[in-house]
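The values are calculated or read from the model by the stated rules, or taken from the named source; none is laboratory data. The structure displayed is predicted, hence computed values, not measured ones. Counting neighbours? That spans all protein chains shown, and the Cβs are built from the backbone with ideal geometry, glycine included. Heads up: the accessible areas ignore ligands, DNA and RNA and are worked out on the full protein's heavy atoms, side chains in. Shrake-Rupley method; radii C 1.70, N 1.55, O 1.52, S 1.80 Å.
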Amino acid sequence: MKKFIPLFLILLQATLFAEGGGISSDKAIVAYKINNTKVKIDGNLVEPVWQQIPVKEFTQRDPNEGKPASEETNVWIAYDEDNIYVAARLKDSNPHLIDASLGRRDAYIDSDWFGFYVDPYNDKRTGYFFAVNAGGTIVDGTLFNDGWDDATWDGIWEVKTSIDDSGWSVEMRIPFSQLRFNENEEMTWGVNFAREIKRFNERSFYIMVPKNESGFVSRFAPLQGLSGIKPEQRLEILPYAVQKAQYLKHDSNDPFYKSNQYKTSLGADLKIGVGSNLNIDATFNPDFGQVEVDPAVINLTAFESYFQEKRPFFIEGANTFMFGIGGANNNMGLNFNWPQLFYSRRIGRAPQGRTSSAQFVDFPTETRIIGAAKLTGKINESTAIGAVSAVTERTFATLFNNGIKTQEQVEPLTHYGVLRAKKEFNDRNQSLGFMLTSVSRNLNYEPLKSRLAQNALAFGLDGWTFLDSNQDYIITGAFAGSYIKGTKEFIQRLQKQPYRYFQRPDATYATYDPERTSLSGWYGRVMLNKQKGDLFLNAAIGAASPGFEYNDLGFQWLADRINAHFVLGYKWFEPSGIFRRKMIYAAAARSYDFEGNLNSSFIWLRSNLTFMNYWGIGLQGAYSFESLNKTSTRGGPLVLNPAGYSIYLSFNSDSRERIYFDFEFEYKKNELGGKGSSLAANVNWLPSPQLNFSIGPRYDLNLDTRQWVGNFTDATALHTYGIRYVFSDIEQKTISANIRLNWSFSPALSLQLFLQPFFAVGNYSNFKELARPRSLDLNTYGKNNSTISLDKQENIYKIDPDGNGPATSFSLSNPDFNYKSLRGNLVLRWEALPGSIFYFVWSHDQTNYQDAGSFELARDFKNLWKSDGNDVFLIKFSYWLDI
């Protein structure tokens with residue numbers, strides 16, 4: 001659901017979160033006020049303020065928890081009217097071994113690092129982090145949930161480093177305008193510092209939290225002495241210009257190609273401070289083009305593929321809009337999770353309408369966003385708020401027939417709204433929040449009324465409470481409801497969604513009603529989590545009603561489900577024998593639908609071991625019991641899911657080496673004869689401190705003996721409600737590789753290359769039909785008087801289910817496929833001035849479909865290479881204005 005970039009693995013484990021108990025007053029820090037002097041940010045600590053008494057006494061967390069840091073670190077904090085300054089002197093007894101590798105912004109690379117963490121609200125749960133390595137590479141982001149990190153936030157700040165014969169130095173200048181805080185005459189903030197020494201794999205902190213404890217932000221040391229800070233009204237404007245040139249595969253007679261080949265766009269982002277604690281982001285004619293392409297996938301399921309958000313306006317501050325997540329330091333799903341009520345890729349998505357047939361169609365690839373605004377921040381130390389409002393324009397496709405151009409509407413004028421608030425109580429022992437999402441469409445075009453909702457609403461309450469004064473145990477909960485309104489035709493479509501399938505002929509609880517014009521439902525879940533200690537425990541029970549629907553602005557993959565799970569584990573943090581760390585988890589989970597049918601039941605065992613040399617191995621196994629499946633027949637009756645098992649093995653080397661790798665292997669098999677295996681690896685090579693090359697090949701081989709092919713009406717199919725549910729065996733082979741090259745010329749100038757060759761071949765055989773519901777029984781065509789033949793000229797299968805019997809013959813297209821693609825992009829990024837960035841981007845993709853069902857890598861690669869491709873070149877420049 002989210003992707004967090006580890007800063008020194010955030011110098012934390014994902015298991016280190018919320019403990020109360022306050023900050024360590026015996027390690028209080030004083031910020032020095034700068035008067036009548038200026039600090040030159042050059043990495044040379046010559047200013048008088050840096051001659052004051054420093055902060056020191058760092059403590060190791062790795063590799064020798066609790067022991068003093070192996071090298072001395074001195075830190076100072078100062079401030080003036082506009083900025084907070086951080087300086088660090090990182091002494092090193094072997095300065096020639098300092099690793100000063102370069103990387104692009106927000107790319108954590110194994111090297112020597114210094115990190116500054118700050119909680120300006122002093123709420124002991126949220127904050128910011130600013131980190132720099134000895135070469136000047138920077139990583140920054142936000143902290144939330146007392147230790148989780150989100151590196152999507154990019155602040156505007158300055159930092160310089162320098163290396164000499166006794167160590168290295170850091171100077172940071174962070175404008176107060178980049179931070180959110182409650183302005184007072186006298187303020188106390190929370191702060192922490194971290195240092196990483198690569199050659200020792202050492203991570204040390206000023207305030208060190210033991211591995212079997214919880215909390216991070218809540219443990220920060222108090223920063224005192226901040227007085228008289230009067231930040232100016234914040235107003236930042238980021239105008240941009242984009243020039244795009246597209247060279248695409250096209251028909252030479254296409255009348256639309258040339259008019260779309262070269263495009264220029266202008267726009268601006270606006271950031272306004274509302275006091276010192278709230279922030280409004282607005283965008284006008286936004287550029288929501290993605291710098292990195294989405295990966296290629298082959299999806300043979302009934303469910304939508306999920307892709308991560310990559311547009312800066314939406315990813316910054318995204319954690320504010322997470323629902324159900326908070327308080328607990330672990331959120332396990334096991335076939336049921338917190339609902340993602342806000343999936344920002346719904347805004348500006350490709351139009352959802354369809355057009356009439358035409359010789360040529362100019363169909364937009366996205367819906368233009370007229371304007372969008374976002375409010376985030378905290379009203380006070382315990383209350384956080386967030387809101388999003390966006391309007392997308394009415395969008396048209398242009399059709400060309402016999403020299404005449406016409407237009408058809410494919411997306412209506414639409415407003416998207418999100419409102420979020422969270423408040424903590426009783427010294428942060430409890431929290432309660434709410435979230436509201438809405439989609440409103442101006443549906444004035446009849447064909448769209450059958451495809452889209454007029455109004456879609458979702459509302460939820462979430463919160464958590466600790467169960468004991470030591471904050472060992474916590475309960476989190478979330479409850480949500482949804483309401484959606486539309487035409488009868490649209491609600492009919494919703495009732496047939498794959499996570500619902502009301503049209504099932506054997507449905508008894510929630511059945512298909514073609515006259516409905518609305519749909520509503522609810523969701524509820526409660527989870528217990530053990531926050532700290534060597535023993536791990538997580539348990540949850542939840543339910544989503546059949547009518548629960550939030551996919552218009554969220555990402556939905558379940559409804560009609562009652563689920564429970566229990567996970568028990570143990571973690572050894574102290575080195576013992578050949579192992580540095582060990583952990584083992586065991587879990588059991590079950591899911592039912594609202595009719596009481598068992599949809600899933602499995603047990604699961606997982607172990608991870610880290611050796612003394614920092615190599616690691618992972619083992620995992622699972623066994624699934626027989627259950628009933630309501631999606632296999634795509635709206636037909638329930639069928640039995642066979643029991644099966646899977647095993648998984650992973651292995652990784654020490655990431656500090658110039659060449660390091662990780663390896664994964666998985667094997668699975670079920671009682672119906674289906675089986676699959678996958679083999680994946682990732683190799684990283686660092687030929688120089690500026691260059692990083694990685695290649696991640698993957699091979700999957702899967703044999704499914706019950707792959708859905710189609711549903712065909714036949715009144716003589718008495719055992720299956722007058723429909724023949726056709727399946728087949730499928731042997732699917734997939735080979736792919738993710739290839740990346742990162743070349744950093746300086747901390748501000750970098751070049752990235754990404755390539756993904758992708759080959760997926762599916763060979764369908766042994767066609768069959770469901771013999772009876774709630775079983776594994778299948779009738780194979782070509783046996784018991786039934787016939788099947790392939791018409792190679794038309795490439796269709798002709799099937800007679802009972803030979804000379806009364807059943808109706810039918811045909812289906814040969815579903816074999818051979819999909820090949822090559823996707824990639826090249827990105828040159830230059831931060832000419834703080835916040836002002838120049839991009840040059842080249843994106844390429846090409847595909848080929850020859851030789852369906854047959855896999856020969858050399859031939860397929862040759863066919864792909866010979867295929868025509870699409871090339872898009874883009875130049876973008878944005879200029880940051882701080883007014």
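Scan segment 589-602 residue by residue and report those that are crowded, with 16+ Cβ neighbours inside 10 Å and part of a strand (DSSP E or B).
Answer for segment 589-602, where residues must be crowded, with 16+ Cβ neighbours inside 10 Å and part of a strand (DSSP E or B): 589, 590, 591, 592, 599, 600, 601, 602.
Only residues in segment 258-272 that are farther than 19 Å from residue 178 by Cβ and assigned to a strand (DSSP E or B) count as the first member; pair them with residues that are basic (Lys, Arg) and at pLDDT 85 or above, Cβ under 6 angstrom, at least 6 apart or cross-chain, and list the lot.
What qualifies is 263/244.
Return yes or no: is residue 397 under 18 Å from residue 553 (Cα atoms), out of contact with any Lys or Arg (no Cβ under 6 Å at 6 or more places or on another chain) and in a strand (DSSP E or B)? Lay out the reasoning, then the answer.
Working: under 18 Å from residue 553 (Cα atoms): no; out of contact with any Lys or Arg (no Cβ under 6 Å at 6 or more places or on another chain): yes; in a strand (DSSP E or B): yes.
No: the conditions fail for residue 397.
This table checks each residue for (1) modelled with pLDDT of 95 or more; (2) on the phi > 0 side of the Ramachandran plot; (3) among the charged types (D, E, K, R).
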| position | (1), (2), (3) |
| --- | --- |
| 61 | yes, no, yes |
| 81 | no, no, yes |
| 92 | yes, no, yes |
| 109 | no, no, no |
| 116 | yes, no, no |
| 123 | no, no, yes |
| 133 | yes, no, no |
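Restricting to segment 334-376, and then to whatever is of a type in the set (D, E, K, R) and in a loop (DSSP other than H, G, I, E, B), can you tell me which residue is farthest from residue 180 (Cα to Cα)?
354
Could you check residue 726 against (1) in contact with a strand residue (DSSP E or B) (Cβ under 6 Å, 6 or more places away or on another chain); (2) open to solvent by less than 50 Å² (accessible area, probe 1.4 Å); (3) more than 30 Å from residue 808 (Cα to Cα) and say which number it fails?
(3)
Only residues that are in contact with a strand residue (DSSP E or B) (Cβ under 8 Å, 6 or more places away or on another chain) and open to solvent by 30 Å² or more (accessible area, probe 1.4 Å): list them for segment 181-197, please.
182, 185, 186, 188
Specify the residue that is farthest from residue 483 (Cα to Cα); the eligible residues are those in segment 403-440 that are of a type in the set (D, E, K, R) and open to solvent by less than 20 Å² (accessible area, probe 1.4 Å).
411
Please verify whether segment 603-623 includes one or more residues that are more than 30 Å from the chain's Cα centre (by Cα) and open to solvent by 70 Å² or more (accessible area, probe 1.4 Å).
Yes, because at least one residue in segment 603-623 is more than 30 Å from the chain's Cα centre (by Cα) and open to solvent by 70 Å² or more (accessible area, probe 1.4 Å).
Could you look through segment 824-883, keep only residues that are touching a residue at least 12 places away in the same chain (Cβ under 8 Å) and of a type in the set (Asp, Glu), and pick out the one that is most open to solvent (accessible area, probe 1.4 Å)?
Applying the filter and picking the extreme gives 868.
Rundown of residues vs (1) assigned to a helix (DSSP H, G or I); (2) closer than 30 Å to residue 235 by Cβ, yes/no style:
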position	(1), (2)
824	no, no
829	no, yes
842	no, no
846	no, no
852	no, no
865	yes, no
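Taking residue 257, is it hydroxyl-bearing (Ser, Thr, Tyr) and surrounded by fewer than 13 Cβ atoms within 10 Å (Cβ to Cβ)?
Spelling it out, it is not the case that residue 257 is hydroxyl-bearing (Ser, Thr, Tyr) and surrounded by fewer than 13 Cβ atoms within 10 Å (Cβ to Cβ).
Which members of segment 38-76 meet the condition of being over 20 Å from residue 162 (Cα atoms) and open to solvent by less than 80 Å² (accessible area, probe 1.4 Å)?
Scanning segment 38-76 gives 58, 59, 60, 61, 62, 63, 64, 65, 66, 69, 70.
Considering only segment 212-223, I want to know if a residue exists there that is touching a residue at least 60 places away in the same chain (Cβ under 8 Å), closer than 30 Å to residue 530 by Cα, of a type outside the set (D, E, K, R) and open to solvent by 50 Å² or more (accessible area, probe 1.4 Å). So that I can check it myself, show each step before the final result.
We begin by selecting, within segment 212-223, every residue touching a residue at least 60 places away in the same chain (Cβ under 8 Å); these are 212-223.
Now narrow it down to the ones that are closer than 30 Å to residue 530 by Cα: 212-222.
Next cut, of a type outside the set (D, E, K, R) only: 212, 214-218, 220-222.
Next cut, open to solvent by 50 Å² or more (accessible area, probe 1.4 Å) only: 212.
Looking for residues that are touching a residue at least 60 places away in the same chain (Cβ under 8 Å), closer than 30 Å to residue 530 by Cα, of a type outside the set (D, E, K, R) and open to solvent by 50 Å² or more (accessible area, probe 1.4 Å), one finds at least one in segment 212-223, hence yes.
Look at residue 808 and say whether it is β-branched (Val, Ile, Thr) and in contact (Cβ under 8 Å) with a residue 40 or more places away in the chain.
Working: β-branched (Val, Ile, Thr): yes; in contact (Cβ under 8 Å) with a residue 40 or more places away in the chain: yes.
Yes, satisfied.
Select from segment 48-63 the residues that are without any contact (Cβ under 8 Å) to a residue 24 or more places away in the chain and assigned to a loop (DSSP other than H, G, I, E, B) and list them in ascending order.
53, 56 - these are the residues of segment 48-63 that are without any contact (Cβ under 8 Å) to a residue 24 or more places away in the chain and assigned to a loop (DSSP other than H, G, I, E, B).
Sort through 476, 508, 517, 487 and tell me the only one that's farther than 30 Å from residue 585 by Cα and in contact (Cβ under 8 Å) with a residue 40 or more places away in the chain.
508
Which of (1) more than 30 Å from residue 879 (Cβ to Cβ); (2) open to solvent by less than 90 Å² (accessible area, probe 1.4 Å); (3) in contact with a helix residue (DSSP H, G or I) (Cβ under 8 Å, 6 or more places away or on another chain) is the odd one out, the single condition residue 246 does not satisfy?
(1)
Residues to consider are 110, 146, 82; find the one that is under 24 Å from residue 220 (Cα atoms) and within 30 Å of the chain's Cα centre (by Cα).
146
On the given criteria, is residue 121 in a strand (DSSP E or B) and farther than 23 Å from residue 98 by Cα?
When the stated conditions are applied, residue 121 does not pass them.
List pairs: first in segment 603-618 and touching a residue at least 40 places away in the same chain (Cβ under 8 Å) and under 16 Å from residue 647 (Cα atoms), second open to solvent by less than 40 Å² (accessible area, probe 1.4 Å) and small (Gly, Ala, Ser), Cβ under 7 Å, 6+ apart or cross-chain?
So the pair list comes out as 604/587; 604/622.
For segment 556-577, how many residues are open to solvent by 20 Å² or more (accessible area, probe 1.4 Å) and in a strand (DSSP E or B)?
Number satisfying all stated conditions: 9.
Among the candidates 828, 770, 822, 874, which residue alone is aliphatic (A, V, I, L, M) and more than 28 Å from the chain's Cα centre (by Cα)?
770
Residue check: is residue 503 assigned to a loop (DSSP other than H, G, I, E, B), within 22 Å of residue 452 (Cβ to Cβ) and in contact with a Lys or Arg (Cβ under 6 Å, 6 or more places away or on another chain)?
Spelling it out, residue 503 is indeed assigned to a loop (DSSP other than H, G, I, E, B), within 22 Å of residue 452 (Cβ to Cβ) and in contact with a Lys or Arg (Cβ under 6 Å, 6 or more places away or on another chain).
Looking at (1) out of contact with any Lys or Arg (no Cβ under 9 Å at 6 or more places or on another chain); (2) of a type outside the set (Lys, Arg); (3) open to solvent by 50 Å² or more (accessible area, probe 1.4 Å), which is the only condition residue 514 fails?
Tallying (1) out of contact with any Lys or Arg (no Cβ under 9 Å at 6 or more places or on another chain); (2) of a type outside the set (Lys, Arg); (3) open to solvent by 50 Å² or more (accessible area, probe 1.4 Å), residue 514 fails exactly one: (1).
Looking at segment 478-495, can you tell me whether even one residue there is more than 30 Å from residue 448 (Cβ to Cβ) and open to solvent by less than 10 Å² (accessible area, probe 1.4 Å)?
So far as segment 478-495 goes, yes, one or more of its residues are more than 30 Å from residue 448 (Cβ to Cβ) and open to solvent by less than 10 Å² (accessible area, probe 1.4 Å).
Considering only residues that are over 25 Å from residue 201 (Cα atoms), of a type outside the set (S, T, N, Q) and surrounded by 15 or more Cβ atoms within 10 Å (Cβ to Cβ), which ones fall in segment 77-89?
77, 78, 79, 80, 84, 85
Can you pull out the residues in segment 90-109 that are surrounded by fewer than 20 Cβ atoms within 10 Å (Cβ to Cβ) and either closer than 18 Å to residue 187 by Cα or charged (D, E, K, R) (or both)?
91, 99, 105, 106 - these are the residues of segment 90-109 that are surrounded by fewer than 20 Cβ atoms within 10 Å (Cβ to Cβ) and either closer than 18 Å to residue 187 by Cα or charged (D, E, K, R) (or both).
Open to solvent by 30 Å² or more (accessible area, probe 1.4 Å) and free of Cβ contacts under 8 Å to residues at least 24 places away in the same chain: is that true of residue 357 in this structure? Give the derivation first.
Details: open to solvent by 30 Å² or more (accessible area, probe 1.4 Å): yes; free of Cβ contacts under 8 Å to residues at least 24 places away in the same chain: yes.
It is true that residue 357 is open to solvent by 30 Å² or more (accessible area, probe 1.4 Å) and free of Cβ contacts under 8 Å to residues at least 24 places away in the same chain.
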